[in-house]
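Working notes, structure below.
The values are calculated or read from the model by the stated rules, or taken from the named source; none is laboratory data. Just so you know, these numbers come straight off a predicted model, no measurement behind them. So basically every Cβ, Gly included, is an ideal-geometry build from the backbone, and we count neighbours across all protein chains shown.
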Amino acid sequence: MATMDEIRKLLTRAVERVYPGEAAVLQTLKSGRRLSVYLGIDPTGPHLHLGHATNLLLLRRFQELGHRVYLLLGDFTARIGDPTDRLAARQPLTPVAIKANLKTFKQQAGKILRFSGQTAAQIKFNSRWLAKLRLADFLTLAGHFTVEQILERAMFQERLRVQKPIWLTELVYPLLQGYDSVALKVDAEIGGSDQTFNMLVGRDLLKSYLGREKLLFTTKLLVNPKTGRKLMNKSEGGLVNLDDQPDQMYGRVMALPDETIMPVAELATDLPDAACAELAAALARGSANPRDLKMRLARAVVNLYWDAESAVAAEKHFIAAFQQGQPEAVSEVSAAVGASLFEILQTAGLVKSKSDWRRLVAAGAVELDGERLVDPHYRLKKSAVCQIGKRRFLRLRVK
């Protein structure tokens, strides 16, 4: 049976709110009953990243305490795309694209979850029940909610305010995600706080269909505390994927803004609470160089998603490439939208000439937020992290 410290950690580390309330959830966890807990992820891209890690780590804590855990991959709901926090509808994905995105999801999630042995995590696909829903079944499902209830979502209200379209498929999305809880017959669900509406729909449906309660654990979002924006976002720059190679992962963590050290430490690593408290205290006192604290963080990230040996090697590589070979001043620069990337990098001393630049681009040695650059005339459109080869990183901050 779980100790009170272990149970308290389920309610505190990375958790923003629990439903139906802390007292009720605490009572259930203290009962010793083995719960079925799930986390759903839509495969809208080929990579899991540190933003996904928050929920995967919480799911692992349930797994370590002997609960039955499911990783639900939304291969059906990904065809629509979650409208959460979006002013425009997502581009629909084809089954072929979804299958390609899913290719290495289990391997990536396996860096956190255990898919073998006792209490092995199980992978589920929601196409197995959603694709089989008959029209009569769907009408019954839709009859549990009113249009007004669905339109209460803040981002739908914002769309209406700015006269942006809301597609019928987007209104249906919460019902389909909510039906996952019914199909799985779960006891609890984990999701980011931006998923609260969808998760509450599932909770209501589970009560209506099966007459049972569902516990909800909404987690804190990995955001930049200075801007309030999601950190693992291509438009913001700075993606750190779970399948990045150790050197690349270490370098990308080091390229993150200093103010993100604590959010990443608390939400995307398994550093003990005491170690996180030490980091926070050092930052508050100003007694350590943020770069050194970030190196400690980068080492913890690589250690978790690879191993200790890889973390040590990645740190040695970074020190040799940056602290001994490149001035720290080129770690971040500000530039205007439309500025020439070549000119920015040349000014920073990262490329020597236009011919050198064209050679690097042609060789596929330049990446923006993990995507290969193919246009040597590229002009800056957004904040991003630029990587040249394995050693050179530069964070580009749009003014």
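Total residues in the range 253-277 satisfying the condition of being assigned to a helix (DSSP H, G or I) and farther than 25 Å from L59 by Cα: the figure is 3.
Quick check on T227: is it farther than 15 Å from R299 by Cα, in a loop (DSSP other than H, G, I, E, B) and either touching a strand residue (DSSP E or B) at 6+ places or on another chain (Cβ under 8 Å) or of a type in the set (S, T, N, Q) (or both)?
Details: farther than 15 Å from R299 by Cα: yes; in a loop (DSSP other than H, G, I, E, B): yes; either touching a strand residue (DSSP E or B) at 6+ places or on another chain (Cβ under 8 Å) or of a type in the set (S, T, N, Q) (or both): yes.
Yes.
Taken together, the criteria exclude L200 from residues that are in the same structural domain as M155 (by TED's automatic domain parsing), farther than 20 Å from L151 by Cβ and surrounded by fewer than 18 Cβ atoms within 10 Å (Cβ to Cβ). Residues that are more than 19 Å from Q108 (Cβ to Cβ) and either surrounded by fewer than 18 Cβ atoms within 10 Å (Cβ to Cβ) or in contact with a strand residue (DSSP E or B) (Cβ under 9 Å, 6 or more places away or on another chain) (or both) do occur in the range 263-272, at least one of them.
Inside the range 339-361, can you point out the residues that are in contact (Cβ under 8 Å) with a residue 12 or more places away in the chain and not β-branched (V, I, T)? Across the range 339-361, the qualifying residues are A339, S340, L341, F342, L345, A348, G349, L350, K354, W357, R358, L360. Taking residues in the range 378-397 that are under 13 Å from A348 (Cα atoms), and partners anywhere that are among the β-branched types (V, I, T) and assigned to a strand (DSSP E or B), the pairs with Cβ atoms closer than 6 Å and at least 6 places apart or on different chains are I388/V366; R395/V385. Residues in the range 236-264 that are over 21 Å from H317 (Cα atoms), of a type outside the set (V, I, T) and more than 14 Å from the chain's Cα centre (by Cα) were compared, and the one that is modelled with the lowest pLDDT is E259. Residues in the range 174-203 that are under 20 Å from the mean Cα position of the chain (by Cα) and part of a helix (DSSP H, G or I): P174, Q177, S193, D194, Q195, T196, F197, N198, M199.
Looking across the range 20-34, the residues that are under 21 Å from F197 (Cα atoms) and either in contact with a helix residue (DSSP H, G or I) (Cβ under 7 Å, 6 or more places away or on another chain) or β-branched (V, I, T) (or both) come down to E22, V25. The set of residues from the range 328-382 being hydroxyl-bearing (S, T, Y), modelled with pLDDT under 90 and either closer than 28 Å to H49 by Cα or touching a Gly at 6+ places or on another chain (Cβ under 8 Å) (or both) comprises S331, S334. Pull up the range 1-49, narrow it to residues that are hydrophobic (A, V, I, L, M, F, W, C) and assigned to a loop (DSSP other than H, G, I, E, B), then point me to the one that is farthest from the chain's Cα centre (by Cα). This residue is M1. Taken over the range 331-365, the criterion of being in a loop (DSSP other than H, G, I, E, B), within 28 Å of the chain's Cα centre (by Cα) and either under 13 Å from Q387 (Cβ atoms) or not assigned by TED's automatic domain parsing to the domain that holds Y378 (or both) is satisfied by G364, A365. Screening L59, L73, L11 for residues that are of a type in the set (A, V, I, L, M, F, W, C), in the same structural domain as R212 (by TED's automatic domain parsing), at pLDDT below 95 and in contact with a strand residue (DSSP E or B) (Cβ under 7 Å, 6 or more places away or on another chain) leaves exactly one candidate, L11. Taking the conditions (1) closer than 19 Å to D42 by Cβ; (2) polar (S, T, N, Q); (3) free of Cβ contacts under 8 Å to residues at least 24 places away in the same chain in turn, S193 satisfies each one other than (3).
Looking only at the range 116-151, which residues are surrounded by 14 or more Cβ atoms within 10 Å (Cβ to Cβ) and basic (K, R)? The answer is K124, and nothing else. The residue that is surrounded by the most Cβ atoms within 10 Å (Cβ to Cβ), counting only those in the range 74-106 that are hydroxyl-bearing (S, T, Y) and not in a helix (DSSP H, G or I), is T84. Could you tell me whether any residue of the range 231-245 is over 19 Å from A311 (Cβ atoms), in contact with a Pro (Cβ under 8 Å, 6 or more places away or on another chain), among the acidic types (D, E) and surrounded by 14 or more Cβ atoms within 10 Å (Cβ to Cβ)? No, the range 231-245 contains no residue that is over 19 Å from A311 (Cβ atoms), in contact with a Pro (Cβ under 8 Å, 6 or more places away or on another chain), among the acidic types (D, E) and surrounded by 14 or more Cβ atoms within 10 Å (Cβ to Cβ).
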